[in-house]
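A.B. asks: Below: one structure in structure tokens.
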Amino acid sequence: MHYTQVKAFGQTLGPACIERLMTLRSRLSTRLGAALRHATHLIAQRHGVLRRVLLLTDGRPHDVDVHDPHYLLEDARQAVREAARSGVLMQCVSLDAAARKPLQRVFGPGRVHSLKAMAATLTR
């Protein structure tokens with residue numbers, strides 16, 4: 001599994017993080033459920049902190065051995081439910097506005113955000 005850490009625990013979400021966010025590109029397979037479970041495992045080991053995961057995605061689940069995007073979205077939805085039961089709040093930033101509706105089904109209303117809107121807010 002490969003993932004890119006944009007912001008470390010305790011690091012401020014400032015211009016350097018925003019720049020890393022803006023330069024990310026989609027690549028490889030996107031098993032959202034697996035990535036969310038991995039993030040949940042990492043953050044669950046942190047004590048005394050707000051447990052929140054922010055996923056940045058193009059919203060297009062894909063894997064070389066699973067060809068049904070519906071299955072991949074449902075797996076991600078299940079991972080979000082499992083995280084909630086562990087006390088981890090999941091939110092999502094989408095690179096593609098067209099992916100907002102399917103991602104809202106995974107993360108819930110109000111938990112899917114646009115990268116452009118977020119960047120504009122943080123750089124003011």
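A.B. asks: If amide H atoms are built 1.01 Å from N in the plane of the peptide, which residues on other chains or at least 5 residues away come under 5 Å of the amide H of Ser114?
C.D. replies: Here Ser94 satisfy the definition.
A.B. asks: For Arg60 and Glu19 in the same chain, what is the full-extension length gain: residue separation times 0.36 nm, less their Cα-Cα distance, in nm?
C.D. replies: Here the answer is 12.5 nm.
A.B. asks: Based on Cβ point charges of +1 for Lys and Arg and -1 for Asp and Glu, what charge dipole magnitude is obtained for the chain about its Cα centre, in debye rounded to the nearest 20?
C.D. replies: Charge dipole of the chain: 460 debye, to the nearest 20.
A.B. asks: Quick check: pseudo-label points 7 Å beyond the Cα along Cα→Cβ at Ser26 and Lys101, how many nm apart are they?
C.D. replies: 1.7
A.B. asks: If I model a spin label as a point 7 Å beyond the Cα along the Cα-Cβ vector, how far apart are those points for Asp68 and Val49 in nm?
C.D. replies: It works out to 3.7 nm between the two label points.
A.B. asks: On to the next question. In terms of the Cα gyration tensor, with a ≥ b ≥ c the square roots of its eigenvalues, is region 4-96 rounded because a/c is under 1.5, prolate because a/b exceeds b/c, or oblate?
C.D. replies: Oblate, because a/c is 1.5 or more while a/b does not exceed b/c.
A.B. asks: For the peptides 11-23, 101-113, 35-47, what is the packing order when you average, over each peptide's residues, the other Cβ atoms within 10 Å and list the highest mean first?
C.D. replies: Ranked from most to least packed, the peptides come out as 101-113, 35-47, 11-23.
A.B. asks: Round to a whole number: what % of the accessible area of the chain belongs to carbon and sulfur, probe 1.4 Å?
C.D. replies: Working: 4410 of 7970 Å².
The computed percentage sits at 55.
A.B. asks: While we're looking at this one, here's another question. Summing -39500 (n - 2.57) over the DSSP H runs of n ≥ 4 in the chain and dividing by its residue number, what mean residue ellipticity at 222 nm do you reach, to the nearest 500 deg cm²/dmol?
C.D. replies: -13500 deg cm²/dmol
The values are calculated or read from the model by the stated rules, or taken from the named source; none is laboratory data. Predicted, not measured: the structure shown is a model, and the values here were computed from it. Ideal geometry is used to build each Cβ from the backbone, glycine not excepted, and the neighbour counts take in all protein chains shown. Remember, those area values only see protein heavy atoms, side chains included, never the ligands or the DNA or RNA. Shrake-Rupley method; radii C 1.70, N 1.55, O 1.52, S 1.80 Å.
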